[in-house]
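The values are calculated or read from the model by the stated rules, or taken from the named source; none is laboratory data. As the structure is a computational prediction, the values presented were derived from the model and not from experiment. We place every Cβ from the backbone using ideal geometry, glycine too, and count neighbours over all the protein chains shown.
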Amino acid sequence: MCQIHKNDEFALDVDNNIRITNYDPIQNLFIRKLHLSPFVFAVTAFFVSALLTLIACIGTSAHFDYLNDSAAIALQLAIPVFFGIYAWMPNGIEELIRRLRTSNIFENTDGIDELISKFRKVYSAKWILILAMTVSAATLIGKIEMNREDNTSSEQSAVTQSQEDEGSGFSDIPGWLDKWPEARFYRAPIWFLISYVLIFFSYNVIVSIFFLVRLMKLKPIKLWLFHPDKCGGLSAIGEFNTKIGIMLAAIGLVLCFETLAADQAGSLDTTHLLILGICLYLASAPVFFFLPLMSAHKIMEEEKDQELLHLAHRYESLYREAVNSLSTGEGDYTSLSKRLEKLKELYTVASNFSVWPFDAKNVRRFFASVGSPFVITLITKIAEKIVA
């Protein structure tokens with residue numbers, strides 16, 4: 001139980017359910033007031049996007065071109081992940097904070113409560129909503145206006161390229177929205193919302209990184225070397241980052257197929273925004289995943305070294321006592337030998353203690369999720385060369 005400070009508007013609930021809220025009208029309406037689960041919210045977003053796409057296809061007769069646009073299909077498949085993680089994020093942060101606070105690794109929780117109160121104000125900052133709305137509106141306008149002028153030339157180029165590559169088994173026509181620019185108006189709400197949720201996701205991750213860095217500087221901290229989670233009681237950080245890895249994988253998947261589509265259309269060299277997006281992704285994905293873990297890594301490493309040093313001192317003392325007993329015949333040498341063996345076993349166990357708040361399974365998940373989109377791209381390019 002934590003103490004309640006009546007004068008603190010960000011006071012903690014008695015049951016330690018930390019309430020994290022962004023200044024986000026969409027999140028507050030659907031998640032907080034209507035109590036939609038992240039899964040339901042993700043499924044709803046998927047079907048709304050599919051409905052808008054269907055309306056666009058019916059209104060423009062673009063259904064055949066849509067089915068040939070792998071990038072558009074990849075985006076449709078990634079939408080549930082985007083919106084699901086976005087809806088999960090506040091609850092995920094709350095669960096992360098609650099588990100860390102009740103993990104018994106912090107001997108004094110007063111500093112934690114004060115830190116949580118400060119960062120709750122940061123999470124609920126109003127300026128991030130203004131930024132999200134501005135960037136999303138700019139994305140919306142840019143998507144609608146993009147390639148409007150050279151639509152005819154793009155279509156003619158696509159037809160020519162398709163005839164040259166006939167029989168290759170791969171469609172080289174440009175994206176369906178390049179051929180049917182009027183369909184952009186139907187898809188406009190989805191682009192706006194995707195930009196919106198990605199900005200809030202990025203903001204929450206960045207704030208959480210700073211929070212974890214500050215949290216791990218609170219003293220004293222006592223890790224449990226033999227905690228059941230095999231992470232000294234900090235496994236909540238690794239599990240939180242696994243969800244971040246899923247979001248990064250979905251973003252990478254969309255970038256992957258956008259890259260393939262631009263390459264097939266022969267416009268990869270001139271698609272500067274796509275190239276910028278890939279560079280930002282490759283630079284930010286490892287940072288978003290590993291930086292929160294670095295805050296706990298140093299503490300876990302120090303705790304392990306202290307425990308090993310303590311065992312080493314005890315082993316050295318018993319070893320010298322056993323040597324002296326063997327030389328002089330005094331003392332119980334057999335008992336000392338058994339105690340040395342037990343200490344050696346304890347040292348081996350302690351030396352296997354992880355210094356990262358995740359296990360090997362989570363590491364494999366991260367590299368598989370982040371790297372898989374680019375593996376798909378590589379396999380596709382190789383297949384193209386073979387078939388051609």
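Go through (1) in a helix (DSSP H, G or I); (2) modelled with pLDDT under 75; (3) surrounded by 13 or more Cβ atoms within 10 Å (Cβ to Cβ) one by one and return the number of the condition Ala285 breaks. Checking Ala285 against (1) in a helix (DSSP H, G or I); (2) modelled with pLDDT under 75; (3) surrounded by 13 or more Cβ atoms within 10 Å (Cβ to Cβ), the one that fails is (2). Is one or more of the residues making up segment 317-330 surrounded by fewer than 16 Cβ atoms within 10 Å (Cβ to Cβ), under 22 Å from Trp224 (Cβ atoms) and β-branched (Val, Ile, Thr)? The answer is no, given that none of the residues of segment 317-330 is surrounded by fewer than 16 Cβ atoms within 10 Å (Cβ to Cβ), under 22 Å from Trp224 (Cβ atoms) and β-branched (Val, Ile, Thr).
Table: residues versus (1) in a helix (DSSP H, G or I); (2) under 30 Å from Pro228 (Cα atoms).
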residue	(1), (2)
Arg98	yes, yes
Asn108	no, yes
Asp113	yes, yes
Met133	yes, no
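Whenever a residue of segment 203-214 is more than 14 Å from Ile20 (Cβ to Cβ), its partners that are hydroxyl-bearing (Ser, Thr, Tyr) and part of a helix (DSSP H, G or I), lying with C-beta atoms within less than 8 angstrom and at least six residues away or across chains, give the pairs Ile209/Ser295; Val213/Ser295. Within segment 203-219, does at least one residue satisfy the condition of being among the hydrophobic types (A, V, I, L, M, F, W, C), outside any helix (DSSP H, G or I), surrounded by fewer than 22 Cβ atoms within 10 Å (Cβ to Cβ) and in contact with a strand residue (DSSP E or B) (Cβ under 7 Å, 6 or more places away or on another chain)? Yes.
Within segment 45-64, does at least one residue satisfy the condition of being crowded, with 19+ Cβ neighbours inside 10 Å, on the phi < 0 side of the Ramachandran plot and at pLDDT 90 or above? Yes; the residues of segment 45-64 include at least one that is crowded, with 19+ Cβ neighbours inside 10 Å, on the phi < 0 side of the Ramachandran plot and at pLDDT 90 or above.
Candidates in segment 119-131 are the residues that are touching a residue at least 60 places away in the same chain (Cβ under 8 Å) and assigned to a helix (DSSP H, G or I); of these, the one that is farthest from Ile26 (Cα to Cα) is Phe119.
Okay, residues lined up against (1) crowded, with 16+ Cβ neighbours inside 10 Å; (2) under 19 Å from the mean Cα position of the chain (by Cα):
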position: Leu29; (1), (2): no, no
position: Ala71; (1), (2): yes, no
position: Leu77; (1), (2): no, yes
position: Tyr86; (1), (2): yes, yes
position: Arg101; (1), (2): yes, no
position: Arg120; (1), (2): yes, no
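Residue-wise test of (1) at pLDDT 80 or above; (2) of a type in the set (Asp, Glu); (3) under 27 Å from Glu307 (Cα atoms).
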site	(1), (2), (3)
Ile237	yes, no, yes
Glu258	no, yes, no
Ala262	no, no, no
Gly266	no, no, no
Asp269	no, yes, no
Leu276	no, no, no
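Quick one: is His5 assigned to a loop (DSSP other than H, G, I, E, B), at pLDDT 80 or above and not aliphatic (A, V, I, L, M)? Taking the combined requirement at face value, the residue does not satisfy it.
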